[in-house]
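What follows is calculated from the coordinates using simple rules that are stated; it is not laboratory data. If you're wondering where the values come from, they're calculated on a predicted model, not measured in any experiment. So basically every Cβ, Gly included, is an ideal-geometry build from the backbone, and we count neighbours across all protein chains shown.
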Amino acid sequence: MKHQEASLRVVSASPAPTAADPAEAPPVVDILSAEKVFANGMRGLAPIDLTIRQGEFVSLIGPSGCGKSTLLKLVANLHQPSDGRIAWWRGDFRRVGEAGRRLAFVFQDPTLMPWARVDANVRLPLDLAGVPRAGAAPRVAAALEQVGLGRHGRHYPRQLSGGMRMRVSIARALVTEPNLLLMDEPFGALDEFTRNKLDDDLVQLSWERQLTTVFVTHSIYEAVFLSTRVIVMAANPGRVFHEFAIDEPMPRGDAFRGSARFAELCRGLSAVLTEASIASQRRD
Amino acid sequence: MRPSIKKPLMGQEWFVRFASPALVGVLLLAVWQAACRMNEVPVYLFPAPTDIMATLAREWPALIGALGSTLAVTLKAFALAVLFGTGLAFLFVQSRFIEFSLFPYAILLQVTPIAAVAPLIIILVKDTSTALTVCAAVIAVFPIISNTTLGLKSVDPGLLSFFRMNKAGRLQTLWRLRIPSALPFFLAGLRISCGLSLIGAVVAEFVAGTGGRSAGLAYEILQSSFQLDIPRMFAALFLITVTGIGLFLLMAGLSRLLLGHWHESAMESES
Ligand SMILES: Nc1ncnc2c1ncn2[C@@H]1O[C@H](COP(=O)(O)OP(=O)(O)O)[C@@H](O)[C@H]1O
Ligand SMILES: [Mg+2]
């Protein structure tokens, strides 16, 4: 493809190893010709093949309606593929939840329980798993500390700002010590400043914890800043249009955000996105 | 209540909430009193507020007994409505099949005027007090059914997904998600239903007439009207109104207690 710039490496044809050599890392999610046709006959996703490896931060970006959320829900097992299949840690979904195979999902909205205090909200997945209170308390405190809300455990969600509520939602995901973190436009509703701050923290967190992350976004800057790999999708039907590796070392910070290289990567991604949205127009 | 010096009286919370309605009440009573006295309206035609209070004091033993009887019917009917209403609501949300087959009949309860069915119930049910309770409960049950059903279904779909993803069981989802989500709706239903229980009890007593042995406030009103004792009618009416307000405040207090810290409907206006 002509639009590609020197610093963007195409990996769709043959996955080239990046700095940490993720091609060697074991697969976390294998999407094997998974496709989705909805009950109303609408073709949400054309067959998709995609492997997400240990330690990767993969962003899904594309015009709205291209099936990003659908793909993420397939990975979360919230939807079942109409055809093809998905493997988690080379196994099926029944084993997800065991040690080393934990999965957590962060929604676009914080989806907190308004009647429960922040600490009870964060404790919810532990409560559902039957973890005793005494054992849960230090884990909840640690998760809250990790998202910078150590002093807000006794508050109710409505007493917090939008950014803080999103942090609670992330703490609730982290408390189960997930290995795979799935996030669907988690910071989409937040202002630029709050979003950058949360992006910084997320980079730090996923690096420290060696998380594997799949992240849906509609922000080019966010995708470039966070990801080790960006997957551009196109619609009608939903499919993978293009892939980039972004081999800037982790953890990243403001220095990367202000660099000429960052701007260049963003321009390149923007050009591909424009092509993807042209390719997404209906032909019927 | 924090007295702030800067705010004008009209902007202060306690004034708006308590003092201003009280002031309106006092004003209306004063106008009423003055109109009766200045036009020299005879007490037996239209009593002034002080006359009503005097009657209330004089007739207290009879009236308080009647109040007790009406209140007992009201509370029993309310309890019955809550029990059956929530039970049916839980049944309705179990399956669409159950809901669609039963809900039309719940609406039937709502649209049938109680005065039309009360005579039937009173004839069919031997014990008058039980008959009255059933009538009142029939009126009071619908808001509980509809509100609780709506509440149990108004669960944040995101939270429901979260529960499902964490492999929550049916009971866990019910206890930790559906019931708390339904609580504000249920409490709104209680507020409406407690008023309807009282209305139902009084209407049923009217229909039962003076023949019944359990003599409630409606019975007192009927008796007084036969004797053209208008001040006594007013006194009984006053007791019904006060009871209604008391029940409503009780329910509002319960809502505040249970929801105060998280739900908009029970929140203090933040200024
Ligand atoms: N349950 C569903 N039934 C029918 N169509 C759906 C359903 N969910 C999503 N879609 C459609 O599938 C397409 C992809 O949706 P989605 O994955 O939410 O897109 P994105 O997240 O990329 O904006 C959209 O056109 C949407 O309308
Ligand atoms: Mg989406």
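Close amide-amide hydrogen proximity is noted between A:Q54 and A:V28, each under 5 Å apart and 5 or more residues distant or on a separate chain (H modeled in the peptide plane; Pro and chain starts excluded).
Candidate cross-link partners of B:K7 among the lysines, defined by an alpha-carbon separation under 27 Å and a same-chain spacing of 8 or more, are absent. Convex hull volume of the Cα atoms of chain A, normalised per residue: 140 Å³. Farthest toward the positive end of the dipole of the range A:110-177, out of A:G153, A:S169, A:A136, is the Cα of A:G153, where the dipole comes from beta carbon charges about the Cα centre. Enumerate the residues in the range A:39-63 having an amide nitrogen under 13 Å from the point lying 7 Å beyond the Cα of A:A87 toward its Cβ. Under 13 Å, as judged by backbone N against the label point of A:A87, lie A:50-52 of the range A:39-63. Placing unit charges on the Cβ atoms only, positive for Lys and Arg and negative for Asp and Glu, gives the protein assembly as shown a dipole magnitude near 680 debye about its Cα centre.
Only Cα sites of the protein assembly as shown enter the Debye sum here, all with the same form factor; the resulting log10 I(q)/I(0) across q = 0.06, 0.08 1/Å is -0.49, -0.73, listed in q order. Of all DSSP bridge pairs formed entirely within the protein assembly as shown, close to 50 percent run antiparallel.
When the alpha carbon gyration tensor of the range B:1-151 is reduced to an equivalent ellipsoid, its three semi-axes come out at 41, 28, 14 angstrom, largest first.
Largest mean-square fluctuation among A:S33, A:S206, A:S169, in a Gaussian network model of chain A whose springs join Cα atoms under 10 Å apart, belongs to A:S33. Label-to-label distance, A:A263 versus B:Q172, with points set 7 angstrom from Cα along the beta-carbon direction: 5.1 nm.
Nearest 500 deg cm²/dmol is fine: what mean residue ellipticity at 222 nm does chain B get from its DSSP H runs of n ≥ 4 alone, each adding -39,500 (n - 2.57), divided by its residue count?
Details: 11 runs with 198 residues, N = 271.
Value at 222 nm, helices only, nearest 500: -24500 deg cm²/dmol.
Test of understanding: in a Gaussian network model of chain B with alpha carbons linked when under 10 Å, which of B:P184, B:P157, B:P143 would top the mean-square fluctuation ranking? For chain B, modelled as a Gaussian network with Cα springs under 10 Å, the answer is B:P157. For the range B:1-136, the residue among B:L9, B:V31, B:S95 whose Cα projects farthest onto the positive side of the dipole built from Cβ charges is B:L9.
Packing, as the average of other Cβ atoms within 10 Å across residues, places the peptides B:158-169, A:247-258, B:81-92 in the order B:81-92, B:158-169, A:247-258, highest first. The long axis of helix A:192-208 is offset from the longest Cα principal axis of chain A by roughly 80 degrees.
Remark: spin-label model distance B:L237-A:D254 equals 7.4 nm, labels positioned 7 Å along the Cα→Cβ axis. The modelled label-to-label distance for the pair B:L257/A:L78, using points 7 Å beyond Cα in the direction of Cβ, is 3.8 nm.
Sort B:Y219, B:Y44, A:Y221 by Cβ crowding within 10 Å, fewest neighbours at the top. Taking fewest neighbouring Cβ atoms as first place, the list is B:Y44, A:Y221, B:Y219. Put simply, the amide H of A:F215, placed in the peptide plane, has neighbours under 5 Å in A:V58, A:S59, A:L60, A:M183, leaving out anything fewer than 5 places away on its chain. Using only side-chain charges placed at the Cβ, +1 for Lys and Arg and -1 for Asp and Glu, the dipole size of the range A:51-162 relative to its Cα centre rounds to 200 debye. Which helices pass in chain B if a helix is a full DSSP H run, must span at least 30 angstrom along its long axis by Cα, and must have mean Kyte-Doolittle hydropathy not below -1.0? Both cut-offs are met by B:60-92, B:128-153, B:179-208, B:230-259.
Normalised radius of gyration (Cα atoms, divided by 2.2 N^0.38 Å) for chain B: 1.25.
In the elastic network of chain A, a GNM with C-alpha springs shorter than 10 Å, the most mobile of A:E145, A:E56, A:E185 is A:E145.
Suppose every K and R has +1 on its Cβ and every D and E has -1 on its Cβ; what is the size of the dipole of chain B about the Cα centre, in Debye to the nearest 20? Before the final figure, lay out the partial values.
On the way: 19 positive and 13 negative charges, 203 e Å.
In debye, rounded to 20, chain B gives about 980.
Relative to the dominant Cα principal axis of chain A, helix A:162-174 is inclined by about 90°. Since only A:N179, B:V202, A:N121 are under comparison, the one whose Cα sits farthest along the positive direction of the charge dipole of the protein assembly as shown, derived from C-beta charges on Lys, Arg, Asp and Glu, is B:V202.
As a check on your grasp of the helix formula, calculate [θ] at 222 nm for chain A: sum -39500 (n - 2.57) over DSSP H runs of n ≥ 4, divide by the residue count, round to the nearest 500. Display every interim value, and only then the final one.
Values: 8 runs with 94 residues, N = 284.
The helix-only estimate for chain A comes to -10000 deg cm²/dmol at 222 nm.
Of the cross-linked pairs B:K76/B:K126; A:K36/B:K167; A:K68/B:K153; A:K36/A:K197; A:K73/B:K153; A:K197/B:K153, those separated by over 26 Å at the C-alpha level are A:K68/B:K153; A:K36/A:K197; A:K197/B:K153.
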